[in-house]
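The values are calculated or read from the model by the stated rules, or taken from the named source; none is laboratory data. The structure displayed is predicted, hence computed values, not measured ones. Every residue, glycine among them, receives a Cβ derived from its backbone with ideal geometry; neighbour counts consider all protein chains shown.
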Amino acid sequence: MEVPDSLFFNQYFETVDSFLTSEFTSYNCILHYTPRHIACINCVFDGKGGTNVYNGTGPMSFTFGLCPVCNGKGFKDEEVTETIRFRIYGEKNNFIKGHSQTNNIEYSDGSLQIIGHLSDVPKVVKANKILVNSDEEKYRKWEYKLNSEPFKHGFGNRYFLAYLKRI
């Protein structure tokens, strides 16, 4: 009896998807993007920056000097982040091999290999840094940046593999 291709691929996708969602085989990682400029809620904004004049409705009244909320800039930077789960391989000896795309990548000590959903590639490429295993952030911060272009991994067009470098 021949096993239908669809059955094989469905089982493969179910298995890999379960690896990417399980807390035992994947890790929460926080992607940090370029901060957003948010207009100061405390001072009058003149289109270029803060005028250092209290707007009358902000949380910190002031009569002279720099606005205590934005330090006279007229805006605050708001951090933009997103949490995504990845499989992580931290030892060069354990990296998945056999990809022609990996031949020209230099692996420094502390490099990581990540596997995730192909739909998350634009987010990974856009991120300024990635906080790996964010659930352990209170103990230690492992911050990385992309060290290679992500490329398709596995069967079909569902997963990617990329390398990260410690920053």
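Tabulated data
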| read-out | value |
| --- | --- |
| Cross-chain or 6+ apart pairs with Cβ under 6 Å, region 51-71 first and under 11 Å from CYS40 (Cα atoms), then modelled with pLDDT of 90 or more and surrounded by fewer than 13 Cβ atoms within 10 Å (Cβ to Cβ) | TYR54/SER61; PRO68/MET60; VAL69/MET60 |
| Selection from region 133-161 of residues that are over 17 Å from THR25 (Cα atoms) and of a type in the set (Phe, Trp, Tyr) | TYR139, TRP142, TYR144, PHE151, PHE155 |
| Residue match in region 84-96 (condition: modelled with pLDDT under 85, in the same structural domain as VAL16 (by TED's automatic domain parsing), touching a His at 6+ places or on another chain (Cβ under 8 Å) and not aliphatic (A, V, I, L, M)) | no |
| Breaking point among (1) part of a strand (DSSP E or B); (2) at pLDDT 90 or above; (3) not assigned by TED's automatic domain parsing to the domain that holds TYR159, for PRO59 | (1) |
| Residue, surrounded by the most Cβ atoms within 10 Å (Cβ to Cβ), within region 17-42, restricted to residues that are β-branched (Val, Ile, Thr) and assigned to a strand (DSSP E or B) | ILE30 |
| From the options ILE88, ILE38, residue that is of a type outside the set (Asp, Glu), touching a Lys or Arg at 6+ places or on another chain (Cβ under 9 Å) and within 30 Å of LYS123 (Cβ to Cβ) | ILE38 |
